[in-house]
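Note sheet for the following structure.
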Amino acid sequence: LSAMGEPSMDPTIAADSPAQQDSLFSMTDVFLISLITGLFTYWFFFRKKKEEVPELPKMQTVVAPVRDSSFIEKMKKTGRNIVVFYGSQTGTAEEFANRLAKDAHRYGLRGMAADPEEYDLSDLSRLSEIDKSLAVFCMATYGEGDPTDNAQDFYDWLQEADADLSGLRFAVFGLGNKTYEHFNAMGKYVDKRLEELGAQRIFELGLGDDDGNLEEDFITWREQFWPAVCEHFGVEATGEESSIRQYELVVHTDVNMNKVYTGEMGRLKSYENQKPPFDAKNPFLAQVTENRKLNEGGERHLMHLELDISNSKIRYESGDHVAVYPANDSSLVNQIGEILGTDLDTVMSLNNLDEESNKKHPFPCPTSYRTALTYYLDITNPPRTNVLYELAQYASDSGEQERLRKMASSAAEGKALYLSWVVEARRNILAILQDMPSLRPPIDHLCELLPRLQARYYSIASSSKVHPNSIHICAVTVEYETKTGRLNKGVATSWLRSKAPVQPGSSSQVPGQQGSSSQVPGQQGSSSLVPMYVRKSQFRLPFKPSTPVIMIGPGTGIAPFMGFIQERAWLKQQGKEVGETVLYYGCRHEREDYLYREELARFQKEGVLTQLNVAFSRDQAEKVYVQHLLKKNKENVWKLVNEGMAHIYVCGDARNMARDVQNTFYEIVSEFGNMSQPQAVDYVKKLMTKGRYSLDVWS
């Protein structure tokens, strides 16, 4: 190594001798060859890397669908000029949007219903490119003034947008419930914000109230909306409202049963081959490991269920909601099949006649009528007027046909008849078919018209800190007699009640195997399985465990507070400083329906539950409710809120309890805070804004 290194170090020695020169040449050759080889190798790999760069455009194909998400291009391509967007949580707003889109043809216009989640709403600024164009928004409000899940992105965009919508013409119909604090907040916001961005309102905001008669509110708004559209665009109605089928029936006589849906919500065979993440379109099949009656007496059935979520990767927090997909009672399904003289096991598809529509089928197809009526369609709620109108043509008796058409009309007499005969009498589709013997529609048209069966939400009654592999539900079975003497049962609660518990981890038959309908969730083969997913909530314990909490939850409203108390107990065990944990609970009778009595007593004994205040409403002559106990302890309540910076939580009935509790807080704040009534109201509203007064209520 030293000889080879020397020549380069001392050139004078290298020039002295021919032998050394020969040696130098060989050294140079070696050096040059090494250098060339190195350069070539470097160039080769460098060139290879550069060659890979043109491969990148392949990745850009992921971005390509954005072009397809332009509702403007779709409208131009299909000759539409009215787009009806819907923000829908339970399917009603989507149903209204479809009805409005269908209406358009009567005025020489063409409409399409659209899910805002599937499109880029910034394109609203381009809608004026289409002649006689109009955007209608059917927007439901969810929870405490929130947008529905599918309208969240649209809401976020509206808040941040500085778009110029001066060429946009619009109208909004909101779906809300007056028993809630933020009645129709989403509809009001969309209407106001679009105008702020320069859009032109062509008809006034409609406010539907589900606490009253939402269907009537919609019809009343709709019958004034279309004349306003006609006047604005200078068009006229082309004739009578006609029945136009949206889907065509295809009966499959020779079909591979492995390709037939048996109750799945999204992917075919998703119940046999479960893959996370689990959500509304891909629910997890959880086994019921506990199903016990909570009350000791009385006519009602209050129950505690536990769902095993082991190996699902599902995570939840105290205060979240669990959504379950129920199944309709098989006896109701069979009776519909008998009345309509149909073989319910016929395998069929309903295919959209509009080939450009994103919605190819009204529910997963191909499937059987039995599966559709059991898992996909709502057969227990009173049908809306548009269903009655479409069905009227199939009544062979002219009197029954006229009665159906009258109930579907916008005349005062018709609205009153619909309210009394359908809504107040709680007649479902089976009851209507039974009470109108000449009404025998084709089952495929009935399946097209009925709304989708929706998931039911329950406040989770457990803490994931204590029960990471289990979700608890507390519910009361719904059962009542109608004005016609029929016994109506709640779909989900009756179905949950029938669930047979199995030991955690034990095997249970998976639904849908070999296309057998008997093994779908809810039938014998899988009587312990519940399709479910978790919906995140804003109903959360304070960030600091030392913050006091006041929980108010009578009846099954105690559910989330069982999770809260479990979590506070766990935090205490971890050595954390836990603030006062105060519960106001109420039930009818101490000896009948005092839910979780033993558990609550144990938590109080352990010092986790620092106050347990229980109102037994019917154990004495005068009824006593949670708000009465709040008034009784008003000094302590004020001290916790004012000095302790306590967080207040209310869960349960929105119509009466939540309102009465809120009014009680106004009184307490007014008295001890030395405030006027308006100041007290403002004080409580500010607590809500700061996240210190939270509601998880239902009507």
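When you scan the stretch 163-216, how many residues do you find that are within 30 Å of Ala408 (Cα to Cα) and either without any contact (Cβ under 8 Å) to a residue 12 or more places away in the chain or not aromatic (Phe, Trp, Tyr) (or both)?
At the first step, the residues of the stretch 163-216 found to be within 30 Å of Ala408 (Cα to Cα) are 169-180, 183-188, 190-191, 201-216.
When the remaining residues are screened for being either without any contact (Cβ under 8 Å) to a residue 12 or more places away in the chain or not aromatic (Phe, Trp, Tyr) (or both), the result is 169, 171-172, 174-179, 184-188, 190-191, 201-202, 204-216.
Residues flagged as within 30 Å of Ala408 (Cα to Cα) and either without any contact (Cβ under 8 Å) to a residue 12 or more places away in the chain or not aromatic (Phe, Trp, Tyr) (or both) within the stretch 163-216 amount to 31.
Which members of the stretch 128-168 meet the condition of being within 21 Å of Lys281 (Cβ to Cβ), outside any helix (DSSP H, G or I) and not aliphatic (A, V, I, L, M)? Result: Tyr142, Gly143, Asp146, Pro147, Thr148. Of the numbered criteria (1) out of contact with any strand residue (DSSP E or B) (no Cβ under 8 Å at 6 or more places or on another chain); (2) in a helix (DSSP H, G or I), the one Phe96 fails is (1).
Any idea which residue in the stretch 672-699 is least open to solvent (accessible area, probe 1.4 Å), counting only those that are assigned to a helix (DSSP H, G or I) and more than 18 Å from Ala646 (Cβ to Cβ)?
Looking only at the stretch 672-699, we keep the residues that are assigned to a helix (DSSP H, G or I), and these are 672, 677-689.
Narrowing the set further to residues that are more than 18 Å from Ala646 (Cβ to Cβ) leaves 677-679, 681-682.
Details: Gln677: 101, Pro678: 95, Gln679: 103, Val681: 38, Asp682: 74 Å².
Within the stretch 672-699, the match that is least open to solvent (accessible area, probe 1.4 Å) is Val681.
Quick one: in the stretch 473-485, which of the residues that are assigned to a loop (DSSP other than H, G, I, E, B) and in contact with a helix residue (DSSP H, G or I) (Cβ under 6 Å, 6 or more places away or on another chain) is surrounded by the most Cβ atoms within 10 Å (Cβ to Cβ)? Applying the filter and picking the extreme gives Thr477. The single residue among Glu580, Glu590 that is open to solvent by 30 Å² or more (accessible area, probe 1.4 Å), more than 20 Å from Tyr649 (Cβ to Cβ) and of a type outside the set (A, V, I, L, M, F, W, C) turns out to be Glu590. Taking the criterion of being in contact (Cβ under 8 Å) with a residue 12 or more places away in the chain and either open to solvent by 70 Å² or more (accessible area, probe 1.4 Å) or within 20 Å of Leu630 (Cα to Cα) (or both), the residues of the stretch 596-607 that qualify are Leu600, Glu606.
Screening Phe203 with (1) assigned to a loop (DSSP other than H, G, I, E, B); (2) in contact with a strand residue (DSSP E or B) (Cβ under 9 Å, 6 or more places away or on another chain); (3) surrounded by fewer than 17 Cβ atoms within 10 Å (Cβ to Cβ) gives one miss only, at (3). Taking first residues from the stretch 70-94 that are in contact (Cβ under 8 Å) with a residue 60 or more places away in the chain and in the same structural domain as Asp115 (by the TED database) and partners that are surrounded by fewer than 18 Cβ atoms within 10 Å (Cβ to Cβ) and in a strand (DSSP E or B), the Cβ contacts under 7 Å between residues at least 6 apart in sequence or on separate chains come to Gly91/Arg452. For the stretch 283-301, does any single residue satisfy the condition of being modelled with pLDDT under 95, among the acidic types (Asp, Glu) and either open to solvent by 70 Å² or more (accessible area, probe 1.4 Å) or closer than 30 Å to Phe564 by Cβ (or both)? For the stretch 283-301, residues modelled with pLDDT under 95, among the acidic types (Asp, Glu) and either open to solvent by 70 Å² or more (accessible area, probe 1.4 Å) or closer than 30 Å to Phe564 by Cβ (or both): present.
Take Val669 and decide whether it is surrounded by 15 or more Cβ atoms within 10 Å (Cβ to Cβ), closer than 30 Å to Tyr142 by Cβ, touching a Gly at 6+ places or on another chain (Cβ under 8 Å) and not polar (S, T, N, Q).
Numbers: surrounded by 15 or more Cβ atoms within 10 Å (Cβ to Cβ): yes; closer than 30 Å to Tyr142 by Cβ: yes; touching a Gly at 6+ places or on another chain (Cβ under 8 Å): no; not polar (S, T, N, Q): yes.
So Val669 does not fit the description; no.
Might you let me know whether the stretch 183-196 holds any residue that is part of a loop (DSSP other than H, G, I, E, B) and under 21 Å from Cys651 (Cα atoms)? For the stretch 183-196, residues part of a loop (DSSP other than H, G, I, E, B) and under 21 Å from Cys651 (Cα atoms): present.
Within the stretch 326-350, the set of residues being open to solvent by 40 Å² or more (accessible area, probe 1.4 Å) and either touching an Asp or Glu at 6+ places or on another chain (Cβ under 8 Å) or part of a loop (DSSP other than H, G, I, E, B) (or both) comprises Asp329, Gly341, Asp343, Asp345. Inspect the stretch 108-119 for any residue being in a helix (DSSP H, G or I), out of contact with any Asp or Glu (no Cβ under 9 Å at 6 or more places or on another chain) and crowded, with 20+ Cβ neighbours inside 10 Å and give the result as yes or no. Checked the stretch 108-119: no residue is in a helix (DSSP H, G or I), out of contact with any Asp or Glu (no Cβ under 9 Å at 6 or more places or on another chain) and crowded, with 20+ Cβ neighbours inside 10 Å.
The values are calculated or read from the model by the stated rules, or taken from the named source; none is laboratory data. Owing to the predicted nature of the structure, the values given are computational and were not obtained by experimental measurement. FYI the Cβ positions are ideal-geometry reconstructions off the backbone, even for glycines, and counts take in every protein chain you see. Heads up: the accessible areas ignore ligands, DNA and RNA and are worked out on the full protein's heavy atoms, side chains in. Shrake-Rupley method; radii C 1.70, N 1.55, O 1.52, S 1.80 Å.
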